[in-house]
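A short write-up of the structure that comes next.
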Amino acid sequence: MSNQIIVFIFSICLIEIIQYSKIILLIINNLKYFNKIFKIIISTKISDHWKEKVLLKYSIEILYSSMKILFIIIIIIIFFIILNFLHNDFKTFAFSLSGALEITFIACIYYYLRKKLID
């Protein structure tokens, strides 16, 4: 198979994994929890007892969400490795400037078309 076919497959699958897993939403939620934790820590109006309870709850939420993000990233890496086995030169091409631009270009076009067709 040529690099362009594998890049096309990789780009489409990458967008689908990102869309299906809602990784962007997970990252945004993590950032919101970090912001809440920071506000709680610097607050002088909240007692230490309640800070401990709330911080534990938020920390567990961040840990759970971070593990989901890590799992999604591992899936993407495994998919990349599988495609590299199909075509040994794929890794070199994907990390080159032209390969990265091509992956980005195909992913953007696919995302735009997908959004237009679904909506």
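What the table below lists for this structure:
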{"read-out": "Subset of segment 7-59 (residues that are among the β-branched types (Val, Ile, Thr), farther than 30 Å from ILE78 by Cβ and in contact with a Lys or Arg (Cβ under 9 Å, 6 or more places away or on another chain))", "value": "ILE40, ILE41, VAL54"}
{"read-out": "Enumeration of residues in segment 16-72 that are touching a helix residue (DSSP H, G or I) at 6+ places or on another chain (Cβ under 7 Å), among the small types (Gly, Ala, Ser) and over 30 Å from ILE118 (Cα atoms)", "value": "none"}
{"read-out": "Tally of residues being within 16 Å of ILE17 (Cα to Cα) and out of contact with any helix residue (DSSP H, G or I) (no Cβ under 8 Å at 6 or more places or on another chain) across segment 74-103", "value": "5"}
{"read-out": "Qualifying residues in segment 6-16 (those that are open to solvent by less than 40 Å² (accessible area, probe 1.4 Å) and of a type in the set (Val, Ile, Thr)) - the one farthest from the chain's Cα centre (by Cα)", "value": "ILE6"}
{"read-out": "First in segment 103-119 and within 18 Å of ASN3 (Cα to Cα), second anywhere and modelled with pLDDT of 90 or more, Cβ under 6 Å, 6 or more apart", "value": "ILE103/SER11; ILE106/SER11; ALA107/SER11; ALA107/ILE15; TYR110/ILE12; TYR110/ILE15"}
{"read-out": "Residue match in segment 22-29 (condition: modelled with pLDDT of 90 or more, touching a Ser or Thr at 6+ places or on another chain (Cβ under 7 Å) and over 20 Å from THR104 (Cβ atoms))", "value": "yes"}
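The values are calculated or read from the model by the stated rules, or taken from the named source; none is laboratory data. Since we're looking at a predicted model, the values are computed, not measured. Glycine also receives a Cβ, built like all others from the backbone with ideal geometry; neighbour counts cover every protein chain displayed. Accessible surface is based on the protein model in full, side chains and every heavy atom, while ligands, DNA and RNA are left aside. Shrake-Rupley method; radii C 1.70, N 1.55, O 1.52, S 1.80 Å.
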